[in-house]
Structure formats: structure tokens, C-alpha cells
Amino acid sequence: SNEIGSCLLIRLRAVAAEGTTSAVLYAANCGGQNKNQYILALLVHAVQVTGIKKLALCFLERGHTQNENDSVHATIEMAKRKTEIYVPEQYYSLVRGARRSKNPYKVHEMDQSEFFDLHQLASNITMSTDQDGERVKWRQIRQIAVDRDSPTIAWIGYGHNEKMKEVELFRKRRAAKGQSKIPTELSTICRKPLPISSAKFKDLNALCAAHAIPTAYHRFYKELPYSKSTRDDESQCDSELEE
């Protein structure tokens, strides 16, 4: 969710600069990436610091999540099959040139300083019950909306056509009424490249020595940061909120 939310914020900043004041976003129901308090905190943050005043996030119905993005992914995958990739930077050019018959895809090369810690951003959110005192059922949510003029409230809907309910984002003892506790300043996830495991570093450089990787790319692999304490199967998955 840190990566998804950070990319989303960069895009929202761009459309806000173009004059957009409201937007509706669509996403799949993946709890680790999209449907969680971290993305919600990002939306609240965005309406406070960008020119966008209202944001809504709609989740596609399970089993019916195919959309334009799938076509984009398929086009990139087809282009990748015809191209040899040896270092990550080559993906930028691959994606830019993947669609030849239409306008090329616009690529924003994310810098490490643009990946933010949304976990810290969401540390004060406690969205548990709605305006009727009923428990929020995260798994069943189909819409979430936020508004700059109501910084302590979100609106949720369990269907795409039903009336949405208000939900307090913060416990009243933590925040004065009308005052948002979402920070306006963001912290980056890390300030230097993440290391790979020493075993992976050894294997990659063995491929260089065997010339499975062309000589022109050897320097990239020899300069990769690595650590004995890093595990290849280590991941930072966000836990889906319990219903």
C-alpha cells in the first residue's frame, strides 16, 4: 500500500495542477494494496494538501474487475516478450514504446524520495463504527469518499447505488471537532537503496561471470547493496483489516 499510495499521490498532484477539483478513483478489492486504512489516510491527506477538494474511491465488484488497466498490462507484457531486459531502468523505455499504434504511455520514473510511509500517516485513524453505531464492515465496502470541508469524516457505501453513511475517522478524545489529525508532512519509507540478500548478490554476479548477463550491465550488479540479514522471501505485506 505504501507503493500504491505513493504513486497515487504523485498522480493526484499532477491532475490537481491541471485544475481538477474532484475525482473518482476505481480499484480492485485487494486489502493489502487498495482497501485499507493507509489508502484512506492518503485520500484524506490529498484533499488537504492538493487542489482537489473531493475524492471518491470505488471498488469493483468481485469477479468483475477487468478494466482498461488490464489492457495496459497485456500490451506491456507483449512488448516485454520481444525485448531482453537486464536492468530495471530498461523498463522505462519498454513501457513508453509498448503502444505503437496510439499515443505512447506516459511514464513517471518514481524516485526513492517519492515513496512515502502511509503507515505513519494512518496511525491516528480509528474508523470502527458508522453514524448509526453499526460496525464498519471493511470487506463489504464498495465506496469511500472524503471532503476537504469535513476533515474528520469519511463516507462509506456497501453498494454503488445506495446512500452512503458518515464515519468518524478519529476518536473524539484525540482530536477537537473539525480538526484533522492526518499529518500534512510525509516521511519517506527509506533514504537509501534497499539491500538484497548476500546469496542473491552472489548468484547475480555469478551470472555476470558466466556472461549470461552482458558485460555492459555488470557494473550495475557489482554495485548492488546487499546484506547477510536480508532474506530473499522477506516481504512487507499490509494486513487486511478485519471485518
Computed over the stretch 94-142, protein heavy atoms only, probe 1.4 angstrom, the accessible area per residue in square angstrom equals 64
The percentage of the accessible area of the chain (probe 1.4 Å, all protein chains present) made up of carbon and sulfur atoms, to the nearest whole number, is 48
In the structure shown, of K35/K163; K80/K200; K137/K163; K54/K106, the pairs separated by more than 18 angstrom at the C-alpha atoms are K35/K163; K80/K200; K54/K106
antiparallel share of DSSP beta bridges within the chain, to nearest 5, in %, is 65
Low-density loop GluC sites (Glu not before Pro), the stretch 56-101, at most 13 other Cβ within 10 Å, DSSP non-H/G/I/E/B, are E61, E84, E89
Answer in debye to the nearest 20: the dipole magnitude of the chain about its Cα centre, from +1 Lys/Arg and -1 Asp/Glu charges placed on Cβ, is 320
Taking Cα pairs closer than 8 Å and at least 6 residues apart, the relative contact order of the stretch 68-207 in percent is 20
Calculating Kirkwood radius over Cα pairs in Å from this structure picks out, from [x] 18.4; [y] 20.6; [z] 17.8, entry [y]
Relative to the chain, whose Cα atoms define the longest principal axis, helix 37-49 and its Cα axis are tilted in degrees, nearest 10, by 80
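The values are calculated or read from the model by the stated rules, or taken from the named source; none is laboratory data. Computed from a prediction, not measured in an experiment: that's the story for all the values here. Counting neighbours? That spans all protein chains shown, and the Cβs are built from the backbone with ideal geometry, glycine included. Side chains are part of the model used for accessible areas, which takes the heavy atoms of the whole protein and leaves out ligands, DNA and RNA. Shrake-Rupley method; radii C 1.70, N 1.55, O 1.52, S 1.80 Å.
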